[in-house]
Structures are given as structure tokens and as C-alpha cells.
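Here's the structure, in C-alpha cells; my notes come after.
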Amino acid sequence: MKFIPAVLFLALFIMNCTDRQEPASVDEPILQDTIVDSILIGQSDSFIRNTTSIGQLVYVPVYSHIYQQDQKRTFNLTTTLSVRNADPYRSFTLVEVNYYDSKGNLIQQYIDSGVVIDPLASTSYVIEERDLRGGVGASFLVKWESEESIIPPVLEAINISTSGQQGVSFLSVGRVLQERSTTETSR
């Protein structure tokens, strides 16, 4: 209910705007390297800033299993790490995709050399349901870089399993730990 006044105000504001913009021509790119402010209607009154980047180190929590009823009974999960290029014009390079267990020990490195992800393309990495090495506190660290500023990729993990008539699935979203500065050099 607390969002209704904000939504009403926004609707009245938009209706009363007299400065109307012409739609972009087909030849003009829709997305530019500028900061775009958006309102999350229904979520909060805060604003989100969508910016560009030349590289990031991203932490993605994942689960090889979860507990059910008590710590003695577990439900094993298949995890799919999805790396999606959200930039419709520029590619980026995956530099590292590393899988860690609950104690922070490196389990597996998925990339030996850079993997280029083209505009609007994606790639994925799968941890099979029978692979329980990660535990309930497993994670991926993903490092990506670009020669020019791009819209940052979307990094998510889908954790899912079904057994008999029971099923569970949930999404884990990546969290940026470090931004690559323009003075850094590629490894």
C-alpha cells in the first residue's frame, strides 16, 4: 500500500509532461554508454543505476545440496551457472570461471584461456546432481574483461532437482566483488 502514492504521483507526472520525445530512428542505437535511472515499481522507492564496465570479479553462490528436515537428510541439486552477455553491440572475454567448496577450497577451474562471449550470447557451466564436492556453501568466482566499456553480463545460477513428486528450484544471483579499473592490464 505504501507504493500506491509513488505510483500515482509517477502516473500523474507522466500524463502532465508536455515535452514529448520523438522515438529513436532505426539507425540510432537504443542503448548508449550513459547512466540510465530506473524505478523498481512494487519493490522499493530507490533507484537503480545501470552503468557500463570494462571488467569485474563476480561471486555467485551455488548449492550442490540443501538440507531437508535436519542436517542428516539432504536434497541433491544440479547447478547451472549461466553467463549472459547483456550488451547487444559488444563482446567480452571470460578470464576465469572457478568453482569453490563450502570451505573456500578451489574444486575446479573451467577456463584455461579466455572465452569470448559475443553480443547477446551466453554460455553455461553445469555441476551435476551427483557431484556433492561443493556442499551447501559452494560458489563460483567469475572474472570477465572487455577492451571497451560494455553493459555488464548477467551471472546467475539455477539450482534444481526433482525426486519422485518432489521438486525444488531456485535462482542465485551474482554479486560484484571488484570492478576492473581502466589502469589495470589484462593477464
Inside region 73-90, can you point out the residues that are loosely packed, with under 14 Cβ neighbours inside 10 Å and under 22 Å from Ser139 (Cα atoms)? Arg73
Residues that are among the charged types (D, E, K, R) and touching a Phe, Trp or Tyr at 6+ places or on another chain (Cβ under 7 Å): list the strands (runs of 3 or more DSSP E) wholly contained in region 90-187 that include at least 1 such residues. 139-150, 175-179
For Gly164: the one exception among (1) without any contact (Cβ under 8 Å) to a residue 60 or more places away in the chain; (2) within 22 Å of Val62 (Cα to Cα); (3) more than 19 Å from the chain's Cα centre (by Cα): (2)
When residues of region 78-94 are limited to those that are of a type in the set (A, V, I, L, M, F, W, C) and under 26 Å from Ile66 (Cα atoms), the one nearest to the chain's Cα centre (by Cα): Val83
Exposed (fewer than 14 other Cβ atoms within 10 Å of the Cβ) and under 14 Å from Ser82 (Cα atoms), is that true of Leu120? yes
Go through (1) hydrophobic (A, V, I, L, M, F, W, C); (2) within 14 Å of the chain's Cα centre (by Cα); (3) under 19 Å from Phe170 (Cα atoms) one by one and return the number of the condition Val97 breaks. (3)
Out of the residues in region 136-179 that are surrounded by fewer than 16 Cβ atoms within 10 Å (Cβ to Cβ) and small (Gly, Ala, Ser), state the one that is farthest from Gly55 (Cα to Cα). Gly164
Which of the following residues is over 12 Å from Phe140 (Cα atoms) and over 17 Å from the mean Cα position of the chain (by Cα): Asp118, Asp112? Asp112
Can you confirm whether region 146-154 contains a residue that is without any contact (Cβ under 8 Å) to a residue 60 or more places away in the chain and acidic (Asp, Glu)? no
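Every number here is computed from the coordinates shown, using simple stated rules; none is lab data. Predicted, not measured: the structure shown is a model, and the values here were computed from it. Glycine also receives a Cβ, built like all others from the backbone with ideal geometry; neighbour counts cover every protein chain displayed.
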